[in-house]
Amino acid sequence: ISSLKERVAELIPAKQAEIKEFRDAHKNTVVGSVTVDQIYGGMRDIRGLICETSLLDAQEGIRFRGMSIPEAQAALPKAPGGEEPLPEGIWWLLLTGEVPTAEQVKQVSAEWAARSTLPKHVSDMIDSMPKTVHPMSQLSAAVTLMNSDSSFADAYNRGVNKRELWKYAYDDSVDLLARLPVAAAKIYRNLYHDGKLGAEVDANLDWSANFARMLGFNTPEFDELMRLYLTIHCAHEGGNVSAHSTHLVGSALSDPYLSFAAGLNGLAGPLHGLANQEVLRWITALKDEIGTYEPTDEQLTEFLWNTLKGGRVVPGYGHAVLRKTDPRYTCQREFALKHLPDDPLFKLTSQLYRIVPDVLTQHGKTKNPWPNVDAHSGVLLTHYNLTEMNYYTVLFGVSRAIGCLADLVWSRALMFPLERPKSETTESLKAIVAGK
Ligand code: FCX
């Protein structure tokens, strides 16, 4: 047993007791109301979910177990010589609410490296994929297929007590996190290179550096970018499409592989994680039309209006909950200012930051004209020659596994029931409104 699993086991009884006491005391306390508009409007702002691992504030952005991104960046252990947090540390933080020591993070890295072997049928399946299959579809299929050796599904079949099921969800989650970069790197190398991994998993390297080596990248700066990237994309509370899909499917006691594959399929949508690919596609279209990555402000403004008039969204801008610049955007901007201030695409990104919010405000539709996480990530990846934009959402998915799976482990530990909200028809709603 890893010391992290032991620590989670220690924390569970107190949390269960806290929730029982709170729930008993406030069973009938009303925390909000639901309007007809919200029912048709994608349930925006309805409080109907519990997610213990992270919480989003519309003004200041995400907090992981109470820690803002700058706080987490400062507090979490770094690689030797590095300045960015190791994503293994955020896994620990999300699971326990505690900042791990460097030694504890090392244990996580070592465990993930040791458990990283892909089952043969999964690697054969990836190798058999035609190049026309989108990398997100490949990743989702690979994760679904991994459930053949799910210890959670096996435990359920053996009739293990519901109280114990979280332990198996934990084990599957660790296996999934360990294997995910290998599957993702294989997909990358098959699609864009010679089909051979850039390196084997090295037991002495951290998760991000191993992932970078397998993808075929060998520079300390790219390792740092991966550490930052894989940390900040991990979680965004419970209601976003990928977190909610994983949580929902998990509530049917589908194992962690099946549950997270559902989350990946949601992440693959252009209004969610695929937006990072869309941003680069949009910038490329801009360059093709104007002939340069250095448009004048007037050219850029015109291109933006053409996008909006064509009934399309400006990718990377707007958010369902946030109402300010996403701190995940800001920390990537800081990374760029530190490492690649003169990069032409970064300059264009900065120019967009100066111009898009005004244009979107004039357009008058979006509730939030500010950039989100996806407006920046592709530009950083391109700078380090990871230029295959179709692949970008896969990186988001590798990171998102951390948050979705931490939530899943706790959902099973707290024995949350099957999720099943009530739906209405327009007719039945009309009857409710009429008081019938
Ligand atoms: N460009 C143009 N129009 C936009 C817009 C944008 N960037 N953002 C919102 N709008 C429009 C909406 O399409 C909607 O129009 P409608 O009334 O004709 O349907 C109107 O403004 C009101 O939308 P709003 O309430 O502000 O936003 P929603 O909660 O409905 O949607 C998303 C939020 C993120 C889906 C929306 O802002 C969008 O499409 N952005 C571009 C895609 C994107 O960057 N997605 C990534 C988000 C995120 F960070 C992630 O999950 O990865």
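Taking a point 7 Å out from the Cα of GLU221 in the direction of its Cβ, the residues of segment 337-361 whose backbone N falls within less than 20 Å of it are 337-351. Sorted fewest first by neighbouring Cβ atoms within 10 angstrom, ARG189, ARG312, ARG412, ARG420 come out as ARG420, ARG312, ARG189, ARG412. The distance from the alpha carbon centre of segment 1-31 to that of segment 93-127 is 26 Å, rounded to a whole number. Segment 371-393 and segment 259-304 have Cα centres spaced 10 Å apart. Which residue, PRO341, PRO77, PRO270, has the most motion in a Gaussian network model of the chain that connects Cα atoms within less than 10 Å? Residue with maximal mean-square fluctuation among PRO341, PRO77, PRO270: PRO341.
For the chain, a/c is not less than 1.5, where a ≥ b ≥ c are the root eigenvalues of the C-alpha gyration tensor, and a/b does not top b/c. That puts it in the oblate class. For segment 132-249, just say rounded, prolate or oblate: build the C-alpha gyration tensor, square-root its eigenvalues into a ≥ b ≥ c, call rounded for a/c under 1.5, and beyond that prolate if a/b exceeds b/c, oblate if not. Taking the square roots of the gyration eigenvalues as a ≥ b ≥ c, segment 132-249 is prolate.
So if each residue of separation counts as 0.36 nm, and I subtract the Cα-Cα distance between GLN351 and ASP127, what length gain in nm does that give?
Working: separation 224, 0.36 × 224 = 80.64 nm, distance 4.12 nm.
Once the chain is fully extended between GLN351 and ASP127, it gains 76.5 nm.
The alpha carbon centroids of segment 139-194 and segment 35-55 are separated by 29 Å.
For TRP112, TRP370, TRP305, TRP207, which order do you get if you count the other beta carbons within 10 Å of each Cβ and list the fewest first? Don't skip to the answer; put the middle values down first.
Details: TRP112 24, TRP370 19, TRP305 13, TRP207 27.
Fewest-to-most Cβ neighbours within 10 Å comes out as TRP305, TRP370, TRP112, TRP207.
For segment 275-383, the Cβ-based charge dipole about the Cα centre amounts to some 500 debye (Lys, Arg positive; Asp, Glu negative; other atoms uncharged).
Counting other beta carbons within 10 Å of each residue's own, what order do SER123, SER3, SER140 fall into, fewest first? Can you show the working numbers first?
Details: SER123 17, SER3 14, SER140 22.
Least to most surrounded, the residues fall as SER3, SER123, SER140.
ASP358 label point, 7 Å along Cα→Cβ, cut-off 15 Å on backbone N: hits in segment 290-311? It comes to 296-305, nothing else. Between GLY316 and any residue 5 or more places off or on another chain, the built amide H atoms are never under 5 Å apart.
Each residue of segment 282-291 is assigned a 3J(HN,Hα), and the resulting list reads 5, 5, 5, 5, 4, 5, 4, 6, 8, x Hz, derived from the Karplus form 6.51 cos²θ - 1.76 cosθ + 1.60 (θ = phi - 60°), x at Gly and Pro. If you count Lys pairs in segment 275-383 whose Cα atoms are under 23 Å apart, skipping same-chain pairs closer than 8 places in sequence, the total is 9.
Can you check what the net charge comes to around GLN138, using other residues whose Cβ is under 15 Å from the Cβ of GLN138 (Lys, Arg +1; Asp, Glu -1)?
Values: positive: LYS131, ARG179, LYS186, ARG189; negative: ASP124, ASP127, GLU388.
It works out to a net charge of +1.
Think of it as helices only: each DSSP H run of n ≥ 4 in the chain is worth -39500 (n - 2.57), and spread over all residues that comes to -19000 deg cm²/dmol at 222 nm.
What percent do you get for the relative contact order of the chain when only Cα pairs under 8 Å and 6+ apart count? Before the final figure, lay out each step's value.
Values: 612 pairs, mean separation 93.8, N = 436.
It comes to 22 percent, rounded to a whole number.
Coupling constants for segment 179-188 follow from the phi torsions by the Karplus curve (6.51 cos²θ - 1.76 cosθ + 1.60, θ = phi - 60°), and in residue order they are 8, 4, x, 5, 4, 5, 5, 4, 4, 4 Hz; glycine and proline get x. Taking packing as the residue-averaged number of other Cβ atoms within 10 angstrom, the listed peptides 161-173, 247-259 run from highest to lowest as 247-259, 161-173. Among rounded, prolate and oblate, which fits segment 275-383 when a ≥ b ≥ c are the square roots of the eigenvalues of its C-alpha gyration tensor, a/c under 1.5 means rounded, and a/b larger than b/c means prolate? The shape class here is oblate.
Quote to one decimal, in nm, the extra length available between TYR156 and LYS15 on full extension: 0.36 nm per residue of separation minus the C-alpha distance between them.
Details: separation 141, 0.36 × 141 = 50.76 nm, distance 2.33 nm.
Length difference between fully extended and current span is 48.4 nm.
Since every read-out is calculated from the coordinates, none of them should be taken as a lab result. Keep in mind that what you see is a predicted model, and the values were worked out from it rather than measured. Glycine also receives a Cβ, built like all others from the backbone with ideal geometry; neighbour counts cover every protein chain displayed.
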